[in-house]
Amino acid sequence: MLKQFADYLVFTLFSLQPSSRSGEALDFFIYDTLKIFLLLTVIIFVVAIIRSSFPPERTKRLLSHKREYVGNILAALLGIVTPFCSCSAVPLFIGFVESGVPLGVTFSFLISSPMVNEVALIMLWGLFGWKLALIYIGTGLLVAIVAGIVIGKLKMERYVQDYVWEMQVGNCEITVMTFREKLDYAREYTLGLLQKIWPYVVVGVGLGAFIHGYVPADFLVKWAGRDNPFAVPVAVALGVPLYSNAAGVIPIVQALMEKGMAIGTVLAFMMAVTALSLPEAIILKNVLKTRLLATFFGIVATAIVIVGYLFNAIL
Amino acid sequence: MKIEVLGTGCAKCKTLYDAVQSAVKEKGSEAEVVKVEEISKIMKYGVMSTPALVIDGKVIFSGKTATSAEIQRLL
């Protein structure tokens with residue numbers, strides 16, 4: 001139905017030729033923008049309702065004194081449903097470690113939570129299909145679990161800033177929201193998020209549509225195809241400064257994939273965009289000493305690069 | 001009455017602080033409004049997601065903002 005609407009708008013109202021480049025690009029832009037905003041509104045709302053039942057205080061209790069492996073798996077899964085904003089990373093980290101959540105388990109949560117987020121998943125689902133979205137969830141969880149286990153095994157507790165261990169943490173009651181409050185929360189959350197990301201979506205889809213219509217097919221095969229061994233690490237390095245713009249980056253990446261970027265490279269790039277960010281590193285510097293921070297980035301980046309090579313090899 | 005807005009300085013924390021101030025003003029309340037930014041004080045309340053609203057030492061909610069009208073009902 002959206003497709004018909006976009007076709008009608010572009011080819012009938014604007015009377016552009018379906019075979020023309022401008023017509024094709026505009027049709028693609030309108031259709032994708034409508035689809036993405038519809039998906040974003042509905043799914044963010046549903047996710048917000050689910051999330052209102054998982055305040056971080058509850059997640060903390062569920063993870064407290066959990067052993068490694070079981071704890072890491074649980075933490076990565078809870079990372080999907082617990083609302084997380086990097087601005088709360090410091091109180092969250094302190095709350096976790098102070099209440100006896102092991103360091104490696106805490107990291108599994110910190111990696112999964114921003115990486116497996118609803119905006120990235122909706123964009124992947126809407127533009128690449130549900131299969132790629134599922135692969136992204138699966139590999140994202142795996143990266144979070146494995147990286148957390150490795151950090152746990154390295155026994156780096158002494159590289160947490162000293163004051164963290166001396167902090168007095170109170171116990172606050174878990175506030176239970178009524179259904180009415182949950183709806184209000186979800187509405188506010190959805191509107192707030194849409195307000196924040198809509199320009200990125202429009203610009204991203206616009207650039208994607210431009211690439212779709214104007215860049216020749218196979219343009220990127222040589223540089224970003226599966227035969228270039230440097231494509232994956234370069235994609236990961238480029239993804240770090242693009243933090244939090246998953247909404248704008250995914251449409252561009254989709255267009256790049258059409259022009260020959262390999263699937264593993266696409267996945268690795270996406271994960272680097274969502275999981276590794278400079279602002280988050282700066283915030284985490286408040287609770288982690290440089291050595292642990294660097295280890296965390298190094299391990300996650302390595303895991304993502306491995307995922308990239310793996311999917312380039314098997315798909 | 002003492003109202004504390006807990007937050008380490010994110011955009012939402014400022015939104016909540018402004019909403020609380022306008023709520024107090026509109027209701028003509030005598031409440032004292034304080035912005036708490038030190039992490040040690042925030043952690044004492046056990047709050048893990050900011051912003052959070054504390055009235056007379058009790059955490060009312062955390063991890064979200066509220067409108068001035070909603071806050072007025074709490075005063």
For the subset of the stretch A:161-172 comprising residues that are without any contact (Cβ under 8 Å) to a residue 24 or more places away in the chain and facing another protein chain (nearest Cβ under 7 Å), which member is least open to solvent (accessible area, probe 1.4 Å)? A:170
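Could you list, in sequence order, the residues of the stretch B:61-75 that are out of contact with any Lys or Arg (no Cβ under 7 Å at 6 or more places or on another chain), more than 9 Å from chain A (Cβ to nearest Cβ), open to solvent by 40 Å² or more (accessible area, probe 1.4 Å) and modelled with pLDDT of 85 or more?
Applying the first criterion (out of contact with any Lys or Arg (no Cβ under 7 Å at 6 or more places or on another chain)) to the stretch B:61-75 yields B:61-64, B:66-71, B:73-74.
The next check asks that each one be more than 9 Å from chain A (Cβ to nearest Cβ); those that pass are B:68-69, B:71, B:73-74.
Next, only the ones that are open to solvent by 40 Å² or more (accessible area, probe 1.4 Å) stay: B:69, B:73-74.
Residues satisfying the conditions are B:69, B:73.
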Residue set A:205, A:300, A:287, A:232; condition open to solvent by less than 10 Å² (accessible area, probe 1.4 Å), closer than 24 Å to residue A:96 by Cβ, among the β-branched types (Val, Ile, Thr) and over 15 Å from the mean Cα position of the chain (by Cα); output residue A:287
I'd like to check something: does the stretch A:131-141 contain any residue that is at pLDDT below 90, of a type outside the set (Ser, Thr, Tyr) and in contact with a Gly (Cβ under 9 Å, 6 or more places away or on another chain)? no
How many residues does the stretch B:34-49 hold that are within 12 Å of chain A (Cβ to nearest Cβ) and farther than 17 Å from residue A:56 by Cα? 5
So residue A:93 ticks every box in (1) touching a helix residue (DSSP H, G or I) at 6+ places or on another chain (Cβ under 6 Å); (2) crowded, with 20+ Cβ neighbours inside 10 Å but one. Which box is left unticked? (1)
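Determine whether residue A:108 is more than 13 Å from every other protein chain (Cβ to nearest Cβ) and either without any contact (Cβ under 8 Å) to a residue 40 or more places away in the chain or assigned to a helix (DSSP H, G or I) (or both).
yes
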Among (1) within 14 Å of chain B (Cβ to nearest Cβ); (2) part of a helix (DSSP H, G or I); (3) of a type outside the set (A, V, I, L, M, F, W, C) - the single one residue A:175 does not satisfy: (2)
What are the residues in the stretch A:208-262 that are over 24 Å from residue A:125 (Cβ atoms), among the aromatic types (Phe, Trp, Tyr) and assigned to a helix (DSSP H, G or I), if any? A:214, A:223
Out of (1) open to solvent by less than 30 Å² (accessible area, probe 1.4 Å); (2) out of contact with any Leu (no Cβ under 7 Å at 6 or more places or on another chain), what's the single condition that is false for residue A:177? (1)
Report whether or not residue A:146 is open to solvent by 60 Å² or more (accessible area, probe 1.4 Å), among the β-branched types (Val, Ile, Thr) and farther than 23 Å from residue A:58 by Cβ. yes
Counting only residues that are of a type in the set (Val, Ile, Thr) and within 30 Å of residue A:267 (Cα to Cα), which one in the stretch A:139-160 is nearest to the other protein chains (Cβ to nearest Cβ)? A:151
Across (1) farther than 18 Å from residue A:164 by Cα; (2) touching a helix residue (DSSP H, G or I) at 6+ places or on another chain (Cβ under 7 Å); (3) within 13 Å of chain A (Cβ to nearest Cβ), residue B:31 clears everything bar (3)
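Going by what's in this entry, would residue B:58 be described as at the interface with chain A (Cβ under 10 Å from one of its Cβ atoms), farther than 18 Å from residue A:84 by Cβ and charged (D, E, K, R)? Walk me through it before giving the result.
Details: at the interface with chain A (Cβ under 10 Å from one of its Cβ atoms): yes; farther than 18 Å from residue A:84 by Cβ: yes; charged (D, E, K, R): yes.
Yes, satisfied.
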Which of the residues that make up the stretch A:209-225 are modelled with pLDDT under 80 and open to solvent by 90 Å² or more (accessible area, probe 1.4 Å)? A:218, A:219, A:222, A:223
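Taking helices (runs of 4 or more DSSP H) that do not extend beyond chain B, which have at least 2 residues that are farther than 20 Å from residue A:93 by Cβ, touching a residue at least 40 places away in the same chain (Cβ under 8 Å) and of a type outside the set (D, E, K, R)?
Numbers: elements: B:11-27, B:39-44, B:68-74.
Ranges flagged: B:11-27, B:68-74.
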Which residue is most open to solvent (accessible area, probe 1.4 Å), if the candidates are limited to the stretch A:183-197 and must be in contact with a helix residue (DSSP H, G or I) (Cβ under 7 Å, 6 or more places away or on another chain) and within 11 Å of another protein chain (Cβ to nearest Cβ)? A:189
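Which of the helices (runs of 4 or more DSSP H) found entirely inside the stretch A:18-85 contain at least 2 residues meeting this: more than 14 Å from every other protein chain (Cβ to nearest Cβ) and open to solvent by 50 Å² or more (accessible area, probe 1.4 Å)?
The helices (runs of 4 or more DSSP H) meeting that bar are A:21-51, A:70-81.
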Select, from B:52, B:19, the only residue that is at pLDDT 90 or above, within 13 Å of chain A (Cβ to nearest Cβ) and closer than 27 Å to residue A:161 by Cα. B:52
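The values are calculated or read from the model by the stated rules, or taken from the named source; none is laboratory data. On a predicted model such as this, the values are computed, not experimentally measured, just so you know. Note: ideal-geometry Cβ built from the backbone for every residue, glycine included; neighbour counts use all protein chains shown. The protein model used for the area step is the full one, side chains on, heavy atoms only, and it has no ligands, DNA or RNA in it. Shrake-Rupley method; radii C 1.70, N 1.55, O 1.52, S 1.80 Å.
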